[in-house]
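Please find one structure pasted underneath; my questions will follow.
The values are calculated or read from the model by the stated rules, or taken from the named source; none is laboratory data. Computed from a prediction, not measured in an experiment: that's the story for all the values here. Note: ideal-geometry Cβ built from the backbone for every residue, glycine included; neighbour counts use all protein chains shown. Heads up: the accessible areas ignore ligands, DNA and RNA and are worked out on the full protein's heavy atoms, side chains in. Shrake-Rupley method; radii C 1.70, N 1.55, O 1.52, S 1.80 Å.
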Amino acid sequence: MTNTSNKFWLNTPLYEMSHEQWESLCDGCGKCCRIQYLDETDSMLMQTDVACRLLDTDSLRCTDYENRLSKVPDCVQITPQTLKDYYWLPESCAYKTVARGEDLPSWHHLLSGDPELIHKEGHSLQGKLVSERDVHEEEIEDRIIQWIAITD
């Protein structure tokens, strides 16, 4: 178990975290790598069960993380400066959790030491996504699984 003094996410402001600290916050849930659409007419976020072509749907890790931004035009880099702009990140996202001043959940690898615990406890999309490589582009919108109202 990690004691409070070792919990850098509680003691270090987001803007002061090292690159390594920031990157280690990602819990590997895969939720930000699914294809989503925003219907601006009625402010609905439509989430699909289709993952970015670079996401390994078994491990839920990017297969080309270093080059993802140039290979996938819709991919975004989450930073302390841009975090507030990404309303579509789930509330369970570790970046949002830390930004709210909360501790990470017990299944997070920084607390548990087990990067597989998030999957074992069902907090990730492991086993629930298909790769966009395996779906025809015109079929992706047919795979909408959840609609979320966006509020200001």
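Conditions first: (1) in a helix (DSSP H, G or I); (2) open to solvent by 30 Å² or more (accessible area, probe 1.4 Å); (3) in contact (Cβ under 8 Å) with a residue 60 or more places away in the chain; (4) closer than 25 Å to His119 by Cβ. Arg53 passes all but one, so which condition is the exception?
(1)
List pairs: first residue in region 98-124 and within 25 Å of Lys84 (Cα to Cα), second residue charged (D, E, K, R) anywhere in the structure, Cβ distance under 6 angstrom, at least six positions apart or on different chains.
From residues that are within 25 Å of Lys84 (Cα to Cα), the pairs are Trp107/Glu121; His108/Asp27; Ile118/Asp27.
Could you check how many residues of region 128-137 are touching a residue at least 12 places away in the same chain (Cβ under 8 Å) and either surrounded by 14 or more Cβ atoms within 10 Å (Cβ to Cβ) or not in a helix (DSSP H, G or I) (or both)?
Here the count works out to 6.
Look at Gly113 and say whether it is in contact with a Leu (Cβ under 9 Å, 6 or more places away or on another chain) and farther than 28 Å from Glu40 by Cβ. It would help to see each step written out before you state the result.
Numbers: in contact with a Leu (Cβ under 9 Å, 6 or more places away or on another chain): no; farther than 28 Å from Glu40 by Cβ: yes.
No, not satisfied.
Just to be sure before I move on: is Glu102 among the acidic types (Asp, Glu) and assigned to a helix (DSSP H, G or I) in the structure I sent? Lay out the reasoning, then the answer.
Values: among the acidic types (Asp, Glu): yes; assigned to a helix (DSSP H, G or I): no.
Against the criterion (among the acidic types (Asp, Glu) and assigned to a helix (DSSP H, G or I)), Glu102 does not qualify.
Ile145: within 18 Å of the chain's Cα centre (by Cα), more than 22 Å from Tyr87 (Cβ to Cβ) and of a type outside the set (Gly, Ala, Ser), yes or no? Talk me through it step by step, then tell me what you get.
On the way: within 18 Å of the chain's Cα centre (by Cα): yes; more than 22 Å from Tyr87 (Cβ to Cβ): no; of a type outside the set (Gly, Ala, Ser): yes.
Spelling it out, it is not the case that Ile145 is within 18 Å of the chain's Cα centre (by Cα), more than 22 Å from Tyr87 (Cβ to Cβ) and of a type outside the set (Gly, Ala, Ser).
Go over the candidates His119, His123 one by one and state the one that is more than 18 Å from Glu23 (Cα to Cα) and assigned to a helix (DSSP H, G or I). Break it down into steps so the answer makes sense when it comes.
On the way: His123 fails: assigned to a helix (DSSP H, G or I).
Going through His119, His123 in turn, just one is more than 18 Å from Glu23 (Cα to Cα) and assigned to a helix (DSSP H, G or I): His119.
Touching a residue at least 60 places away in the same chain (Cβ under 8 Å), assigned to a helix (DSSP H, G or I) and within 18 Å of Gln36 (Cα to Cα): does that describe Ile140? Explain how you work it out, then say what you get.
Values: touching a residue at least 60 places away in the same chain (Cβ under 8 Å): yes; assigned to a helix (DSSP H, G or I): yes; within 18 Å of Gln36 (Cα to Cα): yes.
It is true that Ile140 is touching a residue at least 60 places away in the same chain (Cβ under 8 Å), assigned to a helix (DSSP H, G or I) and within 18 Å of Gln36 (Cα to Cα).
Continuing with this model, one more query. Within region 70-80, track down each residue that is closer than 23 Å to Glu16 by Cα and either without any contact (Cβ under 8 Å) to a residue 60 or more places away in the chain or within 12 Å of the chain's Cα centre (by Cα) (or both).
Just the residues of region 70-80 that are closer than 23 Å to Glu16 by Cα, to begin with: 76-80.
Result: Val76, Gln77, Ile78, Thr79.
Restricting to region 71-87, give me the number of residues that are surrounded by fewer than 17 Cβ atoms within 10 Å (Cβ to Cβ) and more than 20 Å from Tyr15 (Cα to Cα).
From region 71-87, those surrounded by fewer than 17 Cβ atoms within 10 Å (Cβ to Cβ) are 71, 73-77, 79-87; that's our starting set.
Add one more test, that the residue is more than 20 Å from Tyr15 (Cα to Cα), and what stays is 71, 73-75.
The number of residues fulfilling the criteria is 4.
Taking region 89-105 only, how many residues are more than 19 Å from Asn11 (Cβ to Cβ) and open to solvent by 50 Å² or more (accessible area, probe 1.4 Å)?
Step one: of region 89-105, the residues more than 19 Å from Asn11 (Cβ to Cβ) are 89-93.
Among the residues that remain, those that are also open to solvent by 50 Å² or more (accessible area, probe 1.4 Å) are: 91.
Residues meeting the conditions: 1.
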